[in-house]
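Visitor: Below is the structure I would like to discuss, written out as structure tokens.
Since every read-out is calculated from the coordinates, none of them should be taken as a lab result. Model, not experiment: these values are computed from the prediction. With ideal geometry, Cβ positions are generated from the backbone for all residues, glycine too; neighbour counts draw on all protein chains shown.
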Amino acid sequence: MTRITSILAITMAMGCIETGINKDEEPEVGPEPDILCDPPAIAFPGTAVGEMATAEFTVSNIGNGSLEVDDIVVGSGDEVFSVLGPDFSFILAPGEQKSVEVAYEPTGPEETFGVVQVLSNDPDGDNSTVDLLGYGLLPDLEISPNTYSFGDYFVPCGESVELTLTNVGDEVLEVTDATYASGGQLMYDSSQLAFPFTLAPSESTSVWVDFMPTDAISDAGTFTVSSNDPDGDEVATQDGNGIWTSRQTETFTTPGAPPVDVLIAIDQSGSMDAANQADVEQGFPLFVQELQAISDWRLLLITDAHSQCTTTGVLDPTTPNVGTILTNNAFNGSHDDNTGNNYTEQLLRLSHMALTKTGPGNCNEGFLRSGALLHIIVISDEPEQSNQTAAYWVSQFENFVADPALLRVSAVVDPSDDAGYEQAVTLTGGSSLDIGTNWGANFTDIATEVLAGIQSYSLANPAEPSTVVVEVNGTATYDYTYDPAAQAVTINTPTIGEKDVVEISYSVPATCN
């Protein structure tokens with residue numbers, strides 16, 4: 001070895017000793033910061049939309065070097081989460097810590113996740129994040145049942161369904177309106193709810209929807225409720241079908257016996273008795289015989305202008321010797337009432353007053369029948385003196401019949417001297433005889449002419465009025481009256497004759513429990 005080489009070797013050896021370098025040892029590291037965010041996750045309580053919830057976490061320096069925080073940011077969920085600080089950059093010496101406040105402002109009821117990131121000079125960045133979780137509180141309206149089918153129901157029976165309105169949300173629900181739409185057979189009474197009203201979470205209220213079919217048709221209903229539910233209006237639907245128990249068709253080949261209630265009012269003035277007694281004796285018995293043959297009748301004789309009450313009682317086919325009763329009592333009445341009024345020459349007024357006394361407990365009780373033809377017959381040799389028009393009295397008489405078509409006024413009067421009685425006859429399609437002739441021989445014509453075309457047919461079952469179809473010899477007629485109480489159809493036109501075929505079809509309503 002040369003000298004230079006030896007010196008170099010010695011020098012290198014000495015240098016290693018002086019510097020203490022050892023190829024198997026790690027170099028020493030200087031002081032370093034170490035960040036810790038606590039807690040590592042925050043779950044906010046349920047919060048109403050429009051409100052804010054806050055929480056804190058702590059940033060600590062658990063290292064041995066100074067921790068420099070440059071910023072605090074929301075890495076995800078920044079639409080609902082935010083950092084309130086108060087400081088976003090600061091320095092923490094070893095062992096120091098600082099609180100940071102974060103906020104949650106929900107926009108909906110769904111759960112939302114987020115992350116807060118603390119940016120610092122921590123070499124590895126571990127434990128520098130905080131996970132965030134929040135969910136919003138909202139009102140949520142639910143209608144139960146949401147859909148409901150009543151199925152088939154016999155007309156006119158039905159059912160009701162209870163609809164429950166419940167706030168299944170977490171916030172107070174304010175209900176502002178409710179509407180119902182249907183074809184008319186499904187019904188909702190709007191008075192069941194008063195608006196506005198509120199429902200607390202889990203609170204409920206109920207309403208009822210009724211299905212009452214009036215015809216054999218289907219119906220669908222929609223119940224719509226408006227509230228502060230963010231989802232908008234809540235809707236519940238119902239449906240149902242109306243059906244008939246049966247459809248009946250009855251055929252008649254001979255005329256029926258129409259019910260007729262006959263009121264006869266006779267002028268009791270002195271000129272009437274002697275001049276008309278013979279006609280009464282001749283005409284009344286034959287008139288009764290005609291009624292017996294062609295109708296189901298009742299008869300009320302009014303001769304007392306004082307009381308407007310019958311003196312013979314209500315006569316009907318079971319009363320014996322009706323013709324004799326009428327003849328013997330035709331001119332036994334009084335002239336005036338207790339005020340001196342002479343109603344005996346005001347026969348339209350007298351007839352109306354007698355009709356007002358046909359109700360229960362009155363002197364003419366039991367005369368009028370529902371669905372019967374009301375036939376008023378006036379007999380007078382003087383003009384009508386009621387100081388009202390015939391049209392007025394006809395309108396008053398119509399209050400006592402089921403249909404104006406079931407009213408007739410006939411008269412035995414002087415046609416040349418009286419406009420009042422004759423006008424009432426014309427207005428109602430009655431019949432007229434001249435009192436100056438031998439009217440008794442023709443008195444039966446009043447019965448036959450008035451009842452011509454007024455034919456009544458009793459049905460075997462009750463009918464729903466809107467479903468009745470009437471055909472005469474295969475041709476439909478709409479000029480008829482159906483009386484539910486009498487369970488009978490009365491045909492006004494056309495005139496029904498021998499061998500004519502009347503066919504009546506109808507639907508039978510159910511008997512509801």
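Visitor: Kindly state, to the nearest 0.05, the FRET efficiency for GLN277 paired with THR253, given R0 = 41 Å and r defined as their beta-carbon distance.
Guide: 0.40
Visitor: Under a Cβ-Cβ cut-off of 10 Å, what is the net charge of the residues other than PHE88 that fall near it, where Lys and Arg count +1 and Asp and Glu count -1?
Guide: With Lys, Arg at +1 and Asp, Glu at -1, the neighbours total -3.
Visitor: About its Cα centre, what dipole magnitude does the chain give when the only charges are +1 on Lys and Arg Cβ and -1 on Asp and Glu Cβ, stated in debye to the nearest 20?
Guide: 2580 debye
Visitor: Something else: Could you tell me which residue out of ALA411, SER370, ASN442 lies farthest along the dipole of the stretch 314-451 toward its positive end? Charges go on the beta carbon: Lys and Arg +1, Asp and Glu -1, centred on the Cα centre.
Guide: SER370
Visitor: Need one number: nm distance between label points at ALA391 and CYS157, each 7 Å from Cα along Cα→Cβ, rounded to one decimal.
Guide: Going from the ALA391 label point to the CYS157 one covers 5.0 nm.
Visitor: Which label belongs to the value computed from this structure, given these candidates for semi-axes √(5λ) of the Cα gyration tensor in Å: [x] 110, 24, 15; [y] 36, 32, 23; [z] 86, 53, 20?
Guide: Correct label is [x].
Visitor: Another one. Considering only DSSP beta bridges with both partners in the stretch 375-512, what is the antiparallel share in %, to the nearest 5?
Guide: Expressed as a percentage, antiparallel bridges in the stretch 375-512 total about 65.
Visitor: Treat the count of other C-beta atoms within 10 Å as a stand-in for reagent exposure and order TYR392, TYR188 from fewest to most.
Guide: The order, fewest Cβ neighbours first, is TYR392, TYR188.
Visitor: Can you give the relative contact order of the chain as a percent, counting alpha carbon pairs under 8 Å and 6+ residues apart?
Guide: Value for the chain: 11 percent.
Visitor: Quick check: pseudo-label points 7 Å beyond the Cα along Cα→Cβ at ASN332 and THR477, how many nm apart are they?
Guide: 4.1 nm
Visitor: Hey, another quick one. Calculate the FRET efficiency for VAL115 and PHE195 from the Cβ-Cβ distance with a Förster distance of 41 Å, rounded to the nearest 0.05.
Guide: 0.35
Visitor: Could you list which residues have their amide H under 5 Å from that of LEU433, counting only those 5 or more apart in sequence or on another chain, with H placed in the peptide plane?
Guide: It is ALA411, VAL412, VAL413, by chain and number.
Visitor: Taking R0 as 41 Å, what FRET efficiency do you get between ILE217 and THR324 from their Cβ-Cβ distance, rounded to the nearest 0.05?
Guide: 0.10
Visitor: Taking 0.36 nm per residue of sequence separation and subtracting the Cα-Cα distance, how much length would be gained by fully extending the chain between ASP403 and MET187, in nm to one decimal?
Guide: 74.7 nm
Visitor: Report, in deg cm²/dmol and to the nearest 500, the calculated mean residue ellipticity at 222 nm for the chain, where each DSSP H run with n ≥ 4 adds -39500 (n - 2.57) and the sum is divided by the residue count.
Guide: The per-residue figure over the chain is -5000 deg cm²/dmol.
Visitor: Another one. Could you list which residues have their amide H under 5 Å from that of LEU373, counting only those 5 or more apart in sequence or on another chain, with H placed in the peptide plane?
Guide: The answer is VAL260, ASP261.
Visitor: Could I ask something else about it? Can you give the local net charge around SER76? Use residues other than it whose beta-carbon is closer than 14 angstrom to its beta-carbon, Lys and Arg +1, Asp and Glu -1.
Guide: -4
Visitor: Sum up the charges of everything whose Cβ sits under 10 Å from the Cβ of GLU32, counting Lys and Arg as +1 and Asp and Glu as -1, but leave GLU32 out.
Guide: -3
Visitor: Between THR224 and GLU68, what is the spin-label point distance in nm, taking each point 7 Å from the Cα along the Cα→C-beta axis?
Guide: 6.5 nm
Visitor: Give, in nm to one decimal, the length gained when the segment between CYS363 and THR511 is fully stretched (0.36 nm per residue of separation minus the Cα-Cα distance).
Guide: So the chain would gain 49.6 nm between CYS363 and THR511.
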